[in-house]
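Worksheet for the structure shown next.
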Amino acid sequence: MAALVKDQKRSEIVVDVKPDMVIPGTMYLLKEAYDRCGEVCAEYAKTFYLGTLLMTPERRRAIWAIYVWCRRTDELVDGHNASHITPTALDRWELRLEDLFAARPYDMLDAALSDTVSRFPVDIQPFKDMIEGMRMDLKKSRYENFDELYLYCYYVAGTVGLMSVPVMGIAPESKATTESVYNAALALGIANQLTNILRDVGEDARRGRIYLPQDELADAGLSDEDIFNGKVTDKWRNFMKIQIKRARMFFKQAEQGVTELSQASRWPVWASLLLYRQILDEIEANDYNNFTKRAYVSKAKKLLSLPMAYGKSFLSPSSHTQSSLLRV
Ligand SMILES: CC(C)=CCC/C(C)=C/CC/C(C)=C/CC/C(C)=C/[C@@H]1[C@@H](COP(=O)(O)OP(=O)(O)O)[C@]1(C)CC/C=C(\C)CC/C=C(\C)CCC=C(C)C
Ligand SMILES: Nc1ncnc2c1ncn2[C@@H]1O[C@H](COP(=O)(O)OP(=O)(O)OP(=O)(O)O)[C@@H](O)[C@H]1O
Ligand SMILES: [Mn+2]
């Protein structure tokens with residue numbers, strides 16, 4: 001009898017969690033949709049893709065779906081058709097986002113994300129904020145101070161951290177507050193974006209954009225002209241040292257949070273943290289010439305980072321482990 005009650009309960013949960021099981025054929029389409037998301041991720045971001053291969057299958061495909069939505073959002077303002085993009089197009093993209101969160105996806109790739117947000121407690125706000133970041137990017141090409149730049153980084157990258165945590169999961173044994181884990185995820189997004197900006201200074205300048213705090217440039221005795229001329233001077237080196245130091249601070253802040261994630265998610269996040277942070281080392285190795293040289297991490301270094309990340313993934317979450325060790 002007890003077993004029967006148990007079975008009854010279990011099947012209720014199954015129906016609750018997987019409404020798509022009801023329509024024959026949907027599961028097959030959904031698999032196709034997720035597979036396509038995986039292909040897009042593999043094509044655009046080998047490093048992230050590699051990282052996701054280390055996750056559990058459910059989490060992996062959910063991260064792929066999130067990745068693809070972020071990539072499509074970014075392509076709206078950065079891709080080939082970007083010059084035709086208007087704020088109205090972004091408004092339409094936001095309506096479409098609301099629809100997919102309400103289980104009304106427009107296309108296959110949206111359908112994958114729609115399924116993901118029905119399975120994991122992902123909030124719509126960071127997605128909306130990312131679109132807001134793209135709106136900002138359309139109308140703004142200078143940042144007065146770090147506060148303004150931080151806000152931009154939150155919109156386009158901090159949001160990715162917030163979207164990912166509910167999928168990656170916090171370790172059940174972790175004693176860290178949920179808030180502190182989200183703060184670390186936010187910090188990793190900011191750190192990645194700051195690194196991305198420092199790597200791409202020359203490329204962005206050629207598009208008339210300077211994602212560096214204007215007041216700090218002035219303090220260093222630098223002007224927009226200096227960036228457009230792209231000459232590596234001591235003033236530039238000193239400015240860059242400060243910017244790199246700040247990006248590393250955000251990576252440091254993120255480190256504490258990675259350890260609180262569920263075991264299977266720690267390795268890929270460590271891997272992406274270590275890999276992305278090394279871009280900063282490469283900028284230094286290029287003697288701060290980020291005008292004409294693109295800092296990149298060699299294949300060998302990328303490969304070496306994987307076992308390093310694996311090792312770090314065994315650092316245990318904050319729990320009573322330490323105090324109980326002390327008690328022994
Ligand atoms: C395993 C893992 C790290 C998964 C996250 C994958 C994911 C959903 C990525 C989305 C990335 C994306 C397409 C964002 C759109 C805006 C954008 C382009 C941001 C830049 C990314 C770098 O991309 P790339 O090098 O390809 O740049 P180019 O376009 O080629 O110039 C960003 C710099 C931001 C990326 C930010 C993150 C990946 C946030 C990472 C934080 C977490 C995964 C949270 C981890 C949790 C804790 C507690 C630390
Ligand atoms: N097929 C490609 N065509 C054009 N640019 C590319 C291509 N592949 C990579 N890039 C550019 O070169 C940079 C470095 O590429 P790399 O393969 O090291 O990283 P990735 O594939 O972008 O992965 P991640 O973004 O996770 O580091 C990328 O950020 C991207 O801007
Ligand atoms: Mn990339």
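The values are calculated or read from the model by the stated rules, or taken from the named source; none is laboratory data. Just so it is clear, the structure is predicted and the values come from calculations on it, not from any experiment. Methodologically, a virtual Cβ is constructed for each residue, glycine included, from the backbone with ideal geometry; neighbour enumeration extends over all protein chains shown.
Things to note:
- Matching residues, segment 35-83, being closer than 16 Å to ASP107 by Cβ, away from ligand 1 (no atom under 14 Å from the Cβ) and in contact (Cβ under 8 Å) with a residue 24 or more places away in the chain: ARG36
- Criterion violated by ALA111 - all others in (1) without any contact (Cβ under 8 Å) to a residue 24 or more places away in the chain; (2) closer than 16 Å to ARG72 by Cα; (3) not polar (S, T, N, Q) satisfied: (1)
- Among the residues of segment 36-90, those identified as within 15 Å of ligand 2 (Cβ to nearest atom), out of contact with any helix residue (DSSP H, G or I) (no Cβ under 8 Å at 6 or more places or on another chain) and not acidic (Asp, Glu) are LYS46, GLY79, HIS80.
- GLY79 vs. criteria farther than 22 Å from ASP35 by Cβ and within 16 Å of ligand 3 (Cβ to nearest atom): yes
- Evaluation of LEU29 against the conditions (1) part of a helix (DSSP H, G or I); (2) under 19 Å from the mean Cα position of the chain (by Cα) shows that the sole unmet condition is (2).
- From the list ASP129, ASP137, ASP123, ASP147, the lone residue that is of a type in the set (D, E, K, R) and over 30 Å from ILE242 (Cα atoms) is ASP123.
- Among the residues of segment 238-293, those identified as part of a loop (DSSP other than H, G, I, E, B) and on the phi < 0 side of the Ramachandran plot are THR259, GLU260, SER262, ASN286, ASN289, ASN290, PHE291, THR292, LYS293.
- Looking only at residues in segment 287-304 that are out of contact with any Gly (no Cβ under 7 Å at 6 or more places or on another chain) and crowded, with 17+ Cβ neighbours inside 10 Å, the one that is modelled with the lowest pLDDT is LYS302.
- Applying a threshold of 6 Å to beta carbon distances and a minimum spacing of six or more residues, or different chains, the list of pairs starting in segment 284-297 at a residue that is farther than 23 Å from ALA45 by Cβ and ending at one that is modelled with pLDDT of 95 or more and not in a loop (DSSP other than H, G, I, E, B) reads TYR288/ARG237; TYR288/MET240; PHE291/GLY202; THR292/GLY202.
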